[in-house]
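A.B. asks: Pasting a structure below so you can have a look.
Laboratory data are not the source of any read-out in this text; all were calculated from the coordinates shown. Just so you know, these numbers come straight off a predicted model, no measurement behind them. Note that each Cβ is placed from the backbone with ideal geometry, even for glycine, and that neighbours are counted across all protein chains shown.
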């Protein structure tokens, strides 16, 4: 009886470890992480864009040069064309359109990435439910195996019966481990897609 109690305690601890190891943050927190990452990336691109375009005003300045009087004496000269004003307005218009294009591009990117994140999360939840169901059945199998071990120790069953029971439980455990590893892969894929940063996520939760 003591062996069975210890064995069942190990089963409970294993289930707890699996649950902790495969923990995934709520979907809303993952979405917030992804949105924050994309917004930071977008704003960085806009700042870089503005820094490159900030020198356009220099194109509107008059041009300085050197001219000569009829007597051949050098003197400074300034040239300027009204077309420079038109070019300046056109450049300003293009810059506005370029900024809007950047915003639109990131809106489309965000929609696509959020959709993919939700699909990955849904797949993860389906596999998690399957693992939970399998875990509930293995708990029963582990209890039955513990009983068989006890019977074997008391010489109540043949060694062949014990070995069959052991083989069966080992196969079940291997199946559970395979499912757990596949779920871990799905978890990592979700976390990567969400650009998950636990520190940033906690800050977002506090601010909300």
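A.B. asks: Please rank 184, 97, fewest neighbouring Cβ atoms within 10 Å first, as an exposure proxy.
C.D. replies: 97, 184
A.B. asks: Full-extension gain between residue 108 and residue 139, please, as 0.36 nm times their residue separation minus the C-alpha to C-alpha distance.
C.D. replies: My answer for the length gained is 6.5 nm.
A.B. asks: Going by how many other beta carbons lie within 10 Å of each one, how would you line up 173, 94, fewest first?
C.D. replies: Listed from fewest to most nearby Cβ atoms, that is 94, 173.
A.B. asks: Residues of the stretch 90-121 with amide nitrogen under 20 Å from the 7 Å Cα-to-Cβ point of residue 39?
C.D. replies: Residues 99-118 fall inside that zone.
A.B. asks: If you don't mind, there's one more thing I want to ask. For each of 113, 168, count neighbouring Cβ atoms within 10 Å of the residue's Cβ, then give the residues from fewest to most.
C.D. replies: 168, 113
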